[in-house]
Amino acid sequence: MRIGIFTDTYPPYINGVSTSVAMLEHALQRAGHEVFIVTVNTENMSYKYEDEDRIIRIPGIPIGIYDYRLTGVYPLRAIDKIKKWNLDIIHSHTEFGVGTFARILAKQLDIPLVHTYHTMYEDYVHYITKGYFDKSSKKIVEYLTKFYCDKTATELIVPTKKTYDLFKQKYKVDRNVHIIPTGIEVERFYKENIPSSEVKELRKKLGLTTKDFVILFVGRLGTEKSVDTLIEAHYSIVKRHPEAKLIIIGDGPDVDQFKDLTGKLKLNNHVIFTGRVPWEEIPKYYQLATVFATASSTETQGLTVIEAMGASIPVVCLDDEAFRTVVIDDLNGYLFKDKREYRRIILDLIEEPKRLERLRTQARITADQHSSKYFAEQVLDVYKLALGNRLKEEDQTSTFFHRAKNVIKKGFYGK
């Protein structure tokens, strides 16, 4: 199968969608399929084609949300190149920018369009509105989301029941919605695949000792991620256990706010901000952790939780629907409802270290159930369904014209 993946984010730009797309690409290629990528040039406003990797990068402009770029420019040479790819399926991973390009081409070239909805846009409206017109803006987001996901796609994929419920219960979408949890290349995070010497060197670089109890967060540093909850709770944790360290990996618009909060609470020796870490180095950082923690309520799935489990790290997550299908209390981690419960869970784990070993084993087992191979197989089933529906439509159209032709013939040469 020849598959065109259209996405606004792709390596070297790193976020959850980018990681998901790259993983799907590799898994599909390993299964023997040909994969072509259309994305945004994150470096400048120029067109770029990487023939060896079959990647088209089209001009994109910064829109003021992190270093995200959006495009409304669709070069003719890109269109000509895509036509020559002779795609069987187009799979879009964004509603706007490159996603619009995917919809235009799918219609023009008569190719089935599968779309994956990754982002709960209503949770990010405040970055654009700055607090003004939030209610009306969310209605616009709802309208656009329904249009792009319901009216233009042949088949729709979502990663969790939380997102499924958004479309079925809130948006009242009457169409196929396939729940396929995003997989990861879990083997990248296996402890045995990470050189212990590199982990030791990294621990030394960050000023950690083997006696430290390390809580790890990985993600964008924006208000919606509630990193301040982890920092504020850490103040009380450190009072009882000075060996507790909180490592925060990532960058974002609110990084200075979180650093100021850390300074205000006099936690500079207990909270470490690493900044952005290259994608290929992330697995090493997980090996520093005793537990992984997140208080975010805006995830559609939360791939970092599965990454942590792949590294045999128990997770402590906000009790949100995005995590409930993965995190099982006292089996591979814990869910908490508020800051106070989070603090209690962390303190219990510090004071009862034997519990951690059982959690680590189960975390690894859970991660293996989210392998990239299994994920790709499920996505391929949706591709086949989209192609099958298209063939049915063509058969129905052919039957219609055949019957119409017979009716016309009978009209002229009736018995």
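The values are calculated or read from the model by the stated rules, or taken from the named source; none is laboratory data. Treat the numbers as computed from the prediction; the structure is a model and nothing was measured. Cβ sites come from the backbone with ideal geometry, for glycine too, and all protein chains shown count toward neighbours. The accessibility values were calculated without ligands, DNA or RNA, using every heavy atom of the protein model including side chains. Shrake-Rupley method; radii C 1.70, N 1.55, O 1.52, S 1.80 Å.
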Pick out the one residue from Leu105, Leu87, Leu24 that is open to solvent by less than 20 Å² (accessible area, probe 1.4 Å), at pLDDT 85 or above, of a type outside the set (D, E, K, R) and assigned to a loop (DSSP other than H, G, I, E, B). Leu87
Anything in the stretch 323-359 that is within 24 Å of Pro242 (Cβ to Cβ), among the basic types (Lys, Arg) and open to solvent by 70 Å² or more (accessible area, probe 1.4 Å)? List them, or say none. Lys339, Arg340, Arg344, Lys354
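Restricting attention to the stretch 148-163, report how many residues are modelled with pLDDT of 70 or more and either more than 17 Å from Val114 (Cβ to Cβ) or open to solvent by 30 Å² or more (accessible area, probe 1.4 Å) (or both).
Of the residues in the stretch 148-163, 7 are modelled with pLDDT of 70 or more and either more than 17 Å from Val114 (Cβ to Cβ) or open to solvent by 30 Å² or more (accessible area, probe 1.4 Å) (or both).
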Could you tell me whether Val315 is closer than 23 Å to Ile180 by Cα, buried (at least 23 other Cβ atoms within 10 Å of the Cβ) and touching a Cys at 6+ places or on another chain (Cβ under 7 Å)? no
Can you run down the residue pairs with Cβ atoms below 6 Å, 6 or more apart or on separate chains, where the first is in the stretch 191-213 and under 22 Å from Leu347 (Cα atoms) and the partner is loosely packed, with under 12 Cβ neighbours inside 10 Å? none
Those residues of the stretch 3-21 which are open to solvent by 10 Å² or more (accessible area, probe 1.4 Å) and not in a loop (DSSP other than H, G, I, E, B) amount to Gly16, Val17, Thr19
Reported set for the stretch 166-198 where residues are under 22 Å from the mean Cα position of the chain (by Cα), among the acidic types (Asp, Glu) and either crowded, with 18+ Cβ neighbours inside 10 Å or modelled with pLDDT under 90 (or both) is Glu185
Of the numbered conditions (1) modelled with pLDDT of 95 or more; (2) in a loop (DSSP other than H, G, I, E, B); (3) of a type outside the set (A, V, I, L, M, F, W, C), Lys415 satisfies every one except a single condition; which is it? (1)
Tally time: how many residues in the stretch 214-242 are over 25 Å from Leu303 (Cβ atoms) and without any contact (Cβ under 8 Å) to a residue 40 or more places away in the chain? 4
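This table checks each residue for (1) within 20 Å of Ile282 (Cβ to Cβ); (2) over 28 Å from the mean Cα position of the chain (by Cα); (3) open to solvent by 10 Å² or more (accessible area, probe 1.4 Å); (4) among the charged types (D, E, K, R).
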| residue | (1), (2), (3), (4) |
| --- | --- |
| Lys204 | yes, yes, yes, yes |
| Asp212 | yes, yes, yes, yes |
| Ile215 | yes, no, no, no |
| Glu224 | no, no, yes, yes |
| Leu230 | yes, no, no, no |
| Lys245 | yes, no, yes, yes |
| Ile248 | yes, no, no, no |
| Asp254 | no, no, yes, yes |
| Gln257 | no, no, yes, no |
Unique match (being open to solvent by less than 20 Å² (accessible area, probe 1.4 Å) and either of a type in the set (Asp, Glu) or within 28 Å of Pro242 (Cα to Cα) (or both)) among Phe273, Phe292: Phe292
A careful count of residues in the stretch 357-369 that are modelled with pLDDT of 95 or more and touching a strand residue (DSSP E or B) at 6+ places or on another chain (Cβ under 8 Å) gives 2
Every residue from the stretch 325-348 that is farther than 18 Å from Ser226 by Cα, within 25 Å of the chain's Cα centre (by Cα) and not in a strand (DSSP E or B): Thr325, Val326, Val327, Ile328, Leu331, Asn332
Looking at Glu201 and the list (1) assigned to a helix (DSSP H, G or I); (2) closer than 26 Å to Val17 by Cα; (3) of a type outside the set (A, V, I, L, M), which single condition is not satisfied? (2)
Here's a check for you: in the stretch 276-288, which residue that is more than 10 Å from Val199 (Cα to Cα) and hydrophobic (A, V, I, L, M, F, W, C) is surrounded by the most Cβ atoms within 10 Å (Cβ to Cβ)? Ile282
Within the stretch 370-408, the residues that are modelled with pLDDT under 90, surrounded by 11 or more Cβ atoms within 10 Å (Cβ to Cβ) and acidic (Asp, Glu) are Glu393, Glu394
How many of the residues making up the stretch 28-50 are within 24 Å of the chain's Cα centre (by Cα), of a type in the set (Phe, Trp, Tyr) and assigned to a loop (DSSP other than H, G, I, E, B)? 0
Residue in the stretch 108-121 that is nearest to Ile180 (Cα to Cα), counting only those that are open to solvent by less than 30 Å² (accessible area, probe 1.4 Å) and hydrophobic (A, V, I, L, M, F, W, C): Val114
Selected residue (only one of Gly4, Gly32 is touching a residue at least 40 places away in the same chain (Cβ under 8 Å) and out of contact with any Asp or Glu (no Cβ under 6 Å at 6 or more places or on another chain)): Gly4
